[in-house]
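The values are calculated or read from the model by the stated rules, or taken from the named source; none is laboratory data. Here the structure is a predicted model, which is why all the values come from computation and not from measurement. Every residue, glycine among them, receives a Cβ derived from its backbone with ideal geometry; neighbour counts consider all protein chains shown. Accessible surface is based on the protein model in full, side chains and every heavy atom, while ligands, DNA and RNA are left aside. Shrake-Rupley method; radii C 1.70, N 1.55, O 1.52, S 1.80 Å.
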Amino acid sequence: MKKRVLLGAALAALLPLLGRAAAQDLPKLQFKAVGLNGPTVASTVDEIPFWRNTIPQASNGAITVDITPLDQMGIDDKTMLRLLKLGVMDFASMDISKMAGDDPRFEGCDLAGLTLEPDKARAACKAWAPVLDQQMQKNWNAKLLAIGGNPPQVFWCRSAIGGLDDLKGKKVRVFNNTMRDFLQGVGATAVSMAFAEVVPALNNGVVDCAVTGSLSGNTAGWTEVTKSIYPMSLGWSINALAVNLKTWNSMDPKVQAFFLEQMKAYEDKMWETVRQATAQAETCNTGRQPCTMGKPADMKILEVTPEEEAKRKSLVEGPVLSNWAKRCGTECAQAWNEKVGPVVGLKAPVR
């Protein structure tokens with residue numbers, strides 16, 4: 001028994017040395033990555049440090065990545081997958097629901113109102129990830145490497161609202177089709193608008209409310225042009241990190257193994273950040289301390305009553321799932337029912 005303990009201790013001490021030795025064997029490589037919107041917590045807390053610090057350090061300086069947030073490059077985030085397919089960048093992070101104009105499957109694990117907790121959102125996307133990766137490799141010359149998220153996507157409004165019924169007739173900024181389906185069900189007018197355009201639109205009354213993350217809106221200055229937050233979640237703005245398939249296939253197997261190992265830790269880190277940021281959002285938006293991930297503000301956070309939750313569930317089971325299944329097709333809906341349905345306890349209609 002004592003020998004086994006000593007052997008286990010020796011192996012535990014040896015593993016980090018083996019990891020460093022493997023890192024030293026990696027060839028010198030430099031890659032280009034385009035990332036998420038710079039003001040988001042997913043970018044500042046996870047993505048930029050991952051590429052600029054973690055990857056060079058873990059590879060002992062062998063691998064470096066030039067990462068630039070998409071808003072700093074003036075790129076329309078709906079075009080990210082197309083640009084990755086063309087090899088404009090080696091790696092790209094993107095809100096997968098914004099890719100749904102090209103393929104509705106990209107909405108599959110982040111339908112509006114589908115999940116209300118980070119762990120459930122992650123489980124739904126883990127179940128759906130093989131479908132996304134298959135489509136990326138088949139049609140987009142890309143390989144899916146990791147999936148993360150953001151704090152819940154909630155309503156930021158110029159004035160206080162009492163619930164979903166108060167959204168009727170209002171203009172609400174959204175950024176994907178499934179949110180449009182949800183708002184259609186409550187009689188609101190959905191307005192598509194880039195993230196960078198929202199603050200002036202809210203300030204000038206072009207829109208009455210806008211949907212984004214409960215912390216992303218804080219860090220991007222939405223607290224200066226809105227008065228209240230209605231915290232009904234319309235999703236998690238799920239981020240997918242993918243690599244150009246030609247770039248991936250050109251890598252030495254040990255480089256691929258290095259990236260796959262790093263991606264596992266990165267994905268865990270992203271979801272831990274989602275949990276922390278979700279808690280921090282309420283703290284910062286109401287001016288309490290400690291506020292370490294955002295800016296102290298004086299926002300009114302409205303209550304989501306059990307009656308409102310029942311309306312949300314009805315909208316998800318009705319127009320949200322129905323319209324998405326129609327866009328995605330019979331085969332797609334059947335795959336969703338096999339993979340995501342059991343995770344969330346719902347079933348998409350199959351035509």
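Could you order Ser250, Ser322 so the one with the most accessible surface comes first? Probe is 1.4 Å.
Ser250, Ser322
Using θ = phi - 60° and the Karplus curve 6.51 cos²θ - 1.76 cosθ + 1.60, what whole-Hz ³J(HN,Hα) does each residue of the range 30-47 get, with Gly and Pro shown as x?
10, 10, 10, 10, 10, x, 6, 4, x, x, 7, 5, 4, 7, 6, 8, 10, 5
Dipole of the chain, Cα-centred, from +1 at each Lys and Arg C-beta and -1 at each Asp and Glu C-beta, to the nearest 20 debye?
Working: 40 positive and 36 negative charges, 143 e Å.
So the dipole magnitude of the chain works out to roughly 680 debye.
Show Asp90, Asp71, Asp46 ordered by accessible area, largest first, where the area counts protein heavy atoms only and the probe is 1.4 Å. Numbers along the way, then the final one.
On the way: Asp90 35, Asp71 65, Asp46 10 Å².
Result of the area sort, largest leading: Asp71, Asp90, Asp46.
For the range 118-274, what is the accessible area per residue in Å² when the probe is 1.4 Å? Each step should come with its number before you reach the end.
Working: 5680 Å² over 157 residues.
Accessible area per residue, the range 118-274: 36 Å².
Under 14 Å from the Cβ of Arg327, count the other residues' Cβ atoms, weight Lys and Arg +1, Asp and Glu -1, and hand me the total.
Surrounding charge for Arg327 is -1.
Taking the range 262-351 as the region of interest, what is the percent of Cα-Cα pairs per 5 angstrom bin, listed from the shortest bin to the one with the maximum distance?
Cα pair-distance distribution for the range 262-351, in percent: 3, 12, 12, 11, 12, 16, 16, 11, 6, 2, 0.
Eigenvalues of the Cα gyration tensor times 5, then square-rooted: what semi-axes does that give for the range 107-168, in whole angstrom, largest first? Can you show the working numbers first?
Details: eigenvalues 198, 33, 21 Å².
Taking √(5λ) for each Cα gyration eigenvalue gives 31, 13, 10 Å.
When ranked by the protection proxy of mean other Cβ atoms within 10 Å per residue, highest first, what sequence do the peptides 175-184, 266-275, 226-235, 157-166 form? Mind showing how you got there, number by number?
Values: 175-184: 24.3, 266-275: 19.0, 226-235: 22.2, 157-166: 16.1.
Ranked by mean Cβ neighbours within 10 Å, highest first: 175-184, 226-235, 266-275, 157-166.
Taking the Cβ of Asn176 as the center, what net charge do the other residues with Cβ under 10 Å away carry, scoring Lys and Arg +1 and Asp and Glu -1? If you can, show how the numbers build up before the last one.
Working: positive: Lys78, Lys98, Arg180; negative: Asp95, Glu107, Asp110, Asp181.
That sum, taken over residues with Cβ under 10 Å, equals -1.
Mind checking the full-extension length gain between Leu260 and Ser314? Use 0.36 nm per residue of separation minus the Cα-Cα distance, one decimal, nm. Show your work: numbers first, answer last.
On the way: separation 54, 0.36 × 54 = 19.44 nm, distance 3.95 nm.
So the chain would gain 15.5 nm between Leu260 and Ser314.
Please report the net charge: other residues with Cβ closer than 12 Å to the Cβ of Trp140, K and R +1, D and E -1.
Values: positive: Arg82, Lys85, Arg105, Lys138, Lys143, Lys246; negative: Asp102, Asp103, Asp133.
After counting each charged neighbour, the total is +3.
Give, in nm to one decimal, the length gained when the segment between Leu29 and Leu116 is fully stretched (0.36 nm per residue of separation minus the Cα-Cα distance).
Numbers: separation 87, 0.36 × 87 = 31.32 nm, distance 4.05 nm.
Net length gain for the segment: 27.3 nm.
Counting helices only, and only those DSSP H runs with n ≥ 4, report the 222 nm mean residue ellipticity of the chain as the sum of -39,500 (n - 2.57) divided by its residues, in deg cm²/dmol to the nearest 500. Each step should come with its number before you reach the end.
Values: 14 runs with 151 residues, N = 351.
That comes out to -13000 deg cm²/dmol.
Give me the base-10 log of I(q)/I(0) for the range 20-113 at each q in 0.22 Å⁻¹, Debye formula, one uniform scatterer per Cα, rounded to two decimals.
With one equal scatterer per Cα and no solvent, log10 I(q)/I(0) is -1.09.
What is the range 68-223 by shape, rounded, prolate or oblate, if you read a ≥ b ≥ c off the alpha carbon gyration tensor as root eigenvalues and call it rounded for a/c under 1.5, prolate for a/b larger than b/c, and oblate otherwise?
On the way: a/c = 2.03, a/b = 1.52, b/c = 1.33.
Because a/c hits 1.5 or more and a/b exceeds b/c, the range 68-223 counts as prolate.
Can you list the aspartates and glutamates whose alpha carbon is less than 17 Å from that of Lys138, not counting same-chain residues fewer than 8 positions off?
Qualifying aspartates and glutamates at Cα under 17 Å: Asp102, Asp103, Glu331.
What helices in the chain pass both tests, a Cα length along the helix axis of 20 Å or more and a mean Kyte hydropathy of 0.5 or higher, using whole DSSP H runs?
On the way: long enough: 2-24 (34 Å, 0.90); 118-139 (29 Å, -0.90); 253-285 (46 Å, -0.73).
Result, helices passing both filters: 2-24.
What's the magnitude of the charge dipole for the range 173-326 around its Cα centre, counting Lys and Arg as +1 and Asp and Glu as -1 at the beta-carbon? Answer in Debye, nearest 20. Write down the numbers at each step before the final one.
Working: 15 positive and 16 negative charges, 43 e Å.
In total the dipole reaches around 200 debye.
For the range 192-254 and the range 105-159, what is the separation of their C-alpha centers, rounded to whole Å?
Centre-to-centre distance over Cα atoms comes out at 13 Å.
What ranking do 142-149, 38-45, 59-66 get when scored by the average of other Cβ atoms within 10 Å per residue, highest first? Before the final figure, lay out the partial values.
Values: 142-149: 23.4, 38-45: 21.8, 59-66: 17.0.
Going by the mean number of other Cβ atoms within 10 Å, highest first, we get 142-149, 38-45, 59-66.
Scan around Lys227 for amide H atoms under 5 Å from its own, H built in the peptide plane at 1.01 Å from N, and keep only partners 5 or more places away or cross-chain.
Amide H to amide H, under 5 Å and 5 or more residues apart or across chains, Lys227 pairs with Cys157, Arg158, Ser159.
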